[in-house]
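Okay, structure first, notes after.
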Amino acid sequence: MKTLLRNSVVAALALSVCGLFAADGKAAPAQPQVKTAEKAQKGTSWTPFQLVFLPGIPDSSMTSTVYGLKLGIPATGGRGLVKGVEASFFYSGTKDVEGCQASWFGPAIAQGDVYGIQATMAMALVYRLTGFQAAGLAFTTQPSKGCQAGISAVAEDDFKGFQTGAVTVTDGELDGFQFGAVNIVTKIFKGFQCGAVNIVTGVFKGFQCGVVNYSSDEGIQLGGINIIAMEPSTPAT
């Protein structure tokens, strides 16, 4: 009887050990936590149509991707992406737009990239523009290319393309054409200025045509008053 009991205990222990090894061999390796975070980031929602009442109302409008129409009644915005059209009455402000961002009475602001068209009767502001911007005040803050048109067209950094308005300003390098009442380039100008007053305060590698032309560097000028205010060179000692 004792021998049978001892054998039973030994057999039970042996089976338990074998079971642990078998379970350990079949267990799937644990997934790193980074993978879970990556999957969560890829799970951003998208929709073909989104109705927004104010930026963040509904909550999903702040991070969603819209392939189609994002409509603000009266305003829309968010940190997501619109591939299509974002339109509103008073404010359109999604960060990145591929297509068209427009507002009827208020500003259109993209704190990222616009590939396409940005239009409003008020102010249009974008960090980087590749396309066409039309507004009362058209404004870019990062190197951009395309066309700006408005009462004022301002590029705070380099711009490649065409600017037109009552006042056009490039506070960087302009490689293109300015047409307005007053045209200003502050750093490097490569192209053509045409207006009542044309001003280049940096390197001038282009052509000015207007009533008053001013440049701090050599260049070609055609107008009523032409000024090239080069600093005199210091004689060698």
Which of the residues spanning segment 61-82 are outside any strand (DSSP E or B) and of a type in the set (A, V, I, L, M, F, W, C)? 62, 73
Note down all Cβ pairs under 8 Å where the first residue falls in segment 106-119 and is at positive phi, the second is among the hydrophobic types (A, V, I, L, M, F, W, C), and they're at least six residues apart or on different chains. 116/97; 116/100; 116/132
Could you please find all residues in segment 65-99 being buried (at least 20 other Cβ atoms within 10 Å of the Cβ), over 21 Å from residue 121 (Cβ atoms) and out of contact with any Gly (no Cβ under 7 Å at 6 or more places or on another chain)? 78, 80, 81
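Every number in this text was worked out from the coordinates using simple rules, so none of it is lab data. Only a predicted model underlies this, so the values are computations on that prediction, with no experimental measurement involved. Cβ: placed from backbone, ideal geometry, glycine included. Neighbour counts: every protein chain shown.
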